[in-house]
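To start, the structure under review is shown below, and the notes come after it.
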Amino acid sequence: IEYISATTGTSYSYLSADWTVPPLPKANDGQTLFFFPGFENSLKPVSILQPVLQYGVSDAGGGAYWAIASWNCCLERIMYVSPLVNANPGDSISGTITSRCGRGRLRCPIWKVSTVDNTTHQSSTLKRTPSEGQVWNWAFGGVLEVYNVTQCNDYPPNSGVVFSVNLHDQQGRLILNPGWIKNSAAKGTMPGCGFGLLSTATQETVMYGYAPTYFLAGNWAGTATVVDSQDKSIYSIGASI
């Protein structure tokens, strides 16, 4: 649905992110929700390393509850995923992606992907997962990926998830300003649930779940201006009264 990402001409060596498990959705329609940061390669064939928080059922298992796992998916349709570990609303989650080669390696063959529930002190980790020659030059600070959503109550009843992210370059140096870019595929998505993105150098927010309301402003003599009360989008419409 939406993501915040950055790219580099070389590769990234390390990413860490912290976020909080949102409340349980009010409705259960068999939906699957994924929240994660990640590393991907920008050239095909594409695959991704990702510490994941999920609600619902996926190839890793799951159900109508939150759980964490670490993924390497899915070059040549091969998927590596660590065992699911249950998580609770309000738990503090940390995800890390780490090169096992040290600094300076463009194509490190082995990586560690770890997802940790800091509240329960449980974790789910891929300790040595292969890159299969991929160059991780595309970093994701925060992603919302969903399946089988039929109503806005299928999302958690809060405004979004905030990822606090640190990203390191090929030499292992912290990147102070990664140049995050906001990307949304939400236009035309049904149901439309007030999706949005906020981004700073270290905090990336994916927003969802509210049914937007509108107020009118301007001259009613033929046209009116409609303003979304949440994301401040502005529309012009014809007025008949």
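The values are calculated or read from the model by the stated rules, or taken from the named source; none is laboratory data. The structure displayed is predicted, hence computed values, not measured ones. In this analysis, Cβ positions are derived from the backbone assuming ideal geometry, glycine residues included, and neighbour counts consider all displayed protein chains. For the accessible areas, the whole protein counts, side chains as well, though only heavy atoms, and no ligand, DNA or RNA atoms are used. Shrake-Rupley method; radii C 1.70, N 1.55, O 1.52, S 1.80 Å.
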- Reach of K44 by Cα under 12 Å, taken over aspartates and glutamates that are not fewer than 8 positions away in the same chain: E76
- Message: 7 Å from Cα along Cα→Cβ at both N88 and C74: what's the point-to-point distance in nm?
- Response: 3.3 nm
- What residue among Y147, Y55, Y208 has the largest mean-square fluctuation in a Gaussian network model of the chain, using Cα springs under 10 Å? Y147
- Message: Taking the solvent-accessible surface of protein heavy atoms with a 1.4 Å probe, what is the per residue accessible area of the chain in Å²?
- Response: 48 Å²
- Note on the structure: Packing-ranked peptide list from 3-9, 201-207, highest mean Cβ count within 10 angstrom first, is 201-207, 3-9
- Projected area of segment 1-68, taken from the Cα convex hull and averaged over every viewing direction, in nm²? 5.9 nm²
- Under 15 Å from the Cβ of A87, count the other residues' Cβ atoms, weight Lys and Arg +1, Asp and Glu -1, and hand me the total. -3
- Note on the structure: Reviewing [x] 8, 30, 33, 18, 7, 3, 1; [y] 6, 26, 33, 23, 9, 3, 0; [z] 7, 31, 38, 20, 4, 0, the figure for P(r) over Cα pairs in 10 Å bins from 0, in percent actually calculated from this model sits under [x]
- For K112, go through the aspartates and glutamates and keep the ones whose alpha-carbon is under 15 Å away, minus same-chain ones fewer than eight residues off. E40, E132
- Note on the structure: Using eta = 0.692 mPa s and T = 37 °C, Stokes-Einstein with Kirkwood Rh from Cα pairs puts D for segment 95-215, in µm² s⁻¹, at 194 µm²/s
- Note on the structure: Relative contact order as a percentage, the chain, C-alpha pairs under 8 Å and 6+ apart, gives 25 percent
